[in-house]
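Derivation of every value follows stated rules applied to the coordinates shown; laboratory data play no part. Quick caveat: nothing in here was measured; it's all calculated off a predicted structure. Positions of Cβ are generated from backbone atoms using ideal geometry, with glycine treated the same way; all protein chains shown enter the neighbour counts.
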Amino acid sequence: MKVVFHEDFYKVYALDPAAGAGRLEGIVDLIQNDSFYEIVEAIPAKKVDILRAHTDRHFLRVKDESLVFHTAMLAAGGAIQTADIAYTEKTASFGLIRPPGHHASRDSSWGFCYFNNIAVSLLFLVQKYRLRSIFLLDFDLHTGDGNINILETEEGVKVEILNPYSNNEEKYMQEIKNTLDSLSNIDVIIASAGFDNAQGDWGEVLSTESYNQIGKWMKEYSIKLCNGRRYALLEGGYNYSLLPRNFDRFCKGFG
């Protein structure tokens, strides 16, 4: 499975948990020693890519912070690559990128986010391939308000977004399964893949095997509904020792 990454994502670009030193090294060590994965080097987004999802005013605000801006543009570009791989190759791909993005709205951002990587990548696909119907599963601990703000108001494309709400693992998983069962006429399936709802991380809800099951379901339904087109982008996840294992188990189900 292709994983989009760049060594610049190692850099500490801000003073927040998502930007912390050592957050991605364990995952990359795992990827480099497992033939299941293939690393693709991320390239930065262009301004036009960002402006599909954000206002020019928001773009300029982020641009004022040079190190944040470089990393955020690289993350958005990596997200576009991840989406394009999934769509053109009819397969699974994962954007191992940061900063996260699901709290970035059209003209604002918070929660360690700057540009909305999901929206930037999806609106790239919509323009290039004329997509009309998308399912987005956001299994981060926190509701992706930025995803909702941008994508549920986008004209010409239907985006169904699920942010499971239960703090009970069984009910959480059942909500995902019920929603997947209800889908039809989907062009691509996407995950805002935050791992901070893990047992041992901030949320204390999902086991490692639940992440594996989520990945399996997303694979199964993408094959059924959209020729296997599916991708995921990293959002939260702050237990650095646990993150590589949960990432791996999700990807082994997803890929």
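Other residues lying with their Cβ under 10 Å from the Cβ of residue 235 contribute a combined charge of -2, Lys and Arg counting +1, Asp and Glu -1. Label zone of residue 171 (point 7 Å out along Cα→Cβ, amide N under 18 Å): in the stretch 192-218 this covers 197-199, 203-207. Put a plus charge on the Cβ of each Lys and Arg, a minus charge on the Cβ of each Asp and Glu, and nothing anywhere else: the dipole of the stretch 1-48 about its Cα centre is then about 320 debye. 3J(HN,Hα) couplings calculated from phi for the stretch 7-13 with the Karplus curve 6.51 cos²θ - 1.76 cosθ + 1.60 (θ = phi - 60°) are, in sequence order, 4, 5, 5, 6, 5, 7, 9 Hz; Gly and Pro show x. Between amide H atoms placed 1.01 Å from N, distances below 5 Å from residue 198 occur with 203, 204, 205, 206, all of them 5 or more places distant or on a separate chain. When peptides 124-134, 192-202 are ranked by their average number of other Cβ atoms within 10 Å per residue, the highest-first order is 192-202, 124-134. Once C-alpha pairs closer than 8 Å and six or more residues apart are averaged by separation and normalised to the residue number of the stretch 2-254, the relative contact order reads 21 percent. For the stretch 127-193, the relative contact order is 51 percent, taking Cα pairs closer than 8 Å that sit 6 or more residues apart in sequence and dividing their mean separation by the residue count. In whole angstrom, note down how far apart the Cα centers of the stretch 190-255 and the stretch 26-50 are. Here the answer is 16 Å between Cα centres.
Note on the chain: Rg/Rh from Cα positions, Kirkwood definition for Rh, rounded to two decimals, is 0.93.
This ranking places 54, 6, 102 by how few other beta-carbon atoms lie within 10 Å of each, fewest first, which gives 6, 54, 102. Within the shell defined by Cβ-Cβ distances under 12 Å, the residues around residue 114 carry a net charge of 0, with Lys and Arg each +1 and Asp and Glu each -1. Over the stretch 118-255, the pair-distance histogram of Cα-Cα distances with 10 Å bins from zero comes to 12, 45, 34, 8, 0 percent, rounded to whole numbers. Fully extending the segment from residue 183 to residue 12 would add 57.6 nm, taking 0.36 nm per residue of separation and subtracting the current Cα-Cα distance. By DSSP, what percent of the beta bridges with both residues in the chain are antiparallel, rounded to the nearest 5? DSSP beta bridges in the chain are roughly 5 percent antiparallel. Our estimate of slack between residue 241 and residue 55, defined as 0.36 nm per intervening residue step minus the Cα-Cα distance, is 63.2 nm.
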